[in-house]
């Protein structure tokens with residue numbers, strides 16, 4: 001049995017990641033194959049079947065993990081670090097005194113308890129005194145009933161997560177209602193700000209993006225831009241000297257980098273640097289998601305198309321959240337950056353292989369296992385290879401984000 005994992009961010013009121021909910025899938029089947037969800041969760045967590053350690057998936061954030069009755073009663077993996085996980089009790093669980101006692105015991109061991117998809121049923125009352133977090137699906141409970149729930153849970157010092165937040169309007173509504181955390185895909189959808197002007201530094205970054213996506217890198221033009229801003233030179237050199245990227249040579253200039261690393265790699269770094277600056281002031285998860293998408297689309301596209309142009313896959317993933325970062329429509333933004341038509345079309349939704357690579361990474365983000373299976377069948381590629389690419393992309397993004405893009 002081999003386990004795959006997807007993660008979905010849970011944001012705080014400042015749109016920064018507070019935790020990730022981990023969603024497991026066992027084997028090649030769509031979801032869990034003929035094995036009770038209990039057994040799946042406990043087997044995955046208490047064995048070496050996870051292809052990435054939990055810390056590698058969540059970094060320094062907490063992991064919310066769904067637990068079913070049997071696992072809570074008999075197989076609870078006490079090897080998990082109580083400071084790093086939140087135990088989610090799924091709404092379908094059969095509640096009786098024995099389960100309440102087991103959960104109370106788990107709380108006593110230091111593990112925070114969360115109630116998933118709270119449905120206002122009486123069976124949950126016994127859990128309230130020792131529950132740390134309650135998750136409310138905003139599509140399942142009438143909105144006029146929610147403020148009273150918020151007041152009640154707040155009086156018990158319970159934190160609240162609003163689930164299925166799909167728009168900024170919903171995010172703001174439930175934030176004002178008093179929710180602490182938010183789960184949904186609103187972050188990746190742009191909040192369009194009309195007539196927003198791009199400042200001089202943004203225009204410089206768009207200029208850099210343009211240069212990095214041209215067929216032949218104009219070295220002098222790139223150098224001119226980078227020399228204007230000493231912090232860019234510093235960041236680029238720090239980036240290129242990152243041991244994950246370059247173990248052998250100490251790179252001291254852009255020209256030096258070109259000689260040792262080749263044009264494609266240097267173009268990647270320049271586009272990353274530009275995007276990191278464009279995303280300044282936005283939640284850091286946006287840049288993190290863009291990095292995962294960039295690496296993943298590069299790996300998949302290269303696998304399917306050989307060495308056609310690995311930069312196409314990379315740029316498609318990297319720029320796929322530019323609209324959310326810049327708060328402008330993607331078609332308006334790509335018209336300002338003369339990237340290749342293939343990448344432009346993929347970003348604007350035109351069907352094709354690049355667009356399919358982008359859709360595939362969104363399936364991973366949303367744990368849509370069926371979509372991943374369809375892609376694998378269509379392109380005759382093994383699903384476990386796609387999962388390994390996603391794992392590799394998460395690791396790469398975490399490393400780049402923490403060691404090369406964050407200010408020291």
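We did not get these values from a lab; they are worked out from the coordinates using the rules stated. No experiment lies behind these values; they were computed from the predicted model shown. Cβ coordinates were reconstructed from backbone atoms using ideal geometry, including for glycine residues, and neighbour counts include every protein chain displayed.
Working out 0.36 nm times the residue gap between residue 74 and residue 377, then minus their Cα-Cα distance, what length gain in nm do you get to one decimal?
Numbers: separation 303, 0.36 × 303 = 109.08 nm, distance 3.86 nm.
Net length gain for the segment: 105.2 nm.
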*If each residue's Cβ is checked for other Cβ atoms within 10 Å, how do 298, 91 rank with the fewest at the top?*
91, 298
*Would you mind computing, in nm to one decimal, how far apart the modelled labels at residue 329 and residue 215 are, each placed 7 Å from Cα along Cα→Cβ?*
3.0 nm
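Would you mind calculating the gained length between residue 148 and residue 109 on full extension (0.36 nm times residue separation, minus the Cα-Cα distance), in nm to one decimal?
Working: separation 39, 0.36 × 39 = 14.04 nm, distance 3.10 nm.
Stretched out fully, the residue 148 to residue 109 stretch lengthens by 10.9 nm.
In what sequence, highest mean first, do 324-336, 355-367 appear when ranked by Cβ atoms within 10 angstrom?
Descending mean neighbour count gives 355-367, 324-336.
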*Taking the highest mean first, how do the peptides 169-181, 311-323, 143-155, 262-274 order by number of other beta carbon atoms within 10 angstrom per residue?*
311-323, 262-274, 169-181, 143-155
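Roughly speaking, what is the stretch gain from residue 402 to residue 13, that is 0.36 nm per residue apart minus the C-alpha to C-alpha distance, in nm to one decimal?
137.8 nm is the gain from fully extending residue 402 to residue 13.
Could you tell me the calculated FRET efficiency between residue 253 and residue 384, based on Cβ-Cβ distance and R0 = 60 angstrom, to the nearest 0.05?
On the way: r = 42 Å, r/R0 = 0.69.
Using R0 = 60 Å, I get an efficiency of 0.90.
Throw me the Rg/Rh for the range 200-405, computed over C-alpha atoms with Kirkwood Rh, two decimals. Present the calculation step by step, with values, prior to reporting the outcome.
Working: Rg = 16.4 Å, Rh = 17.3 Å.
Rg/Rh: 0.95.
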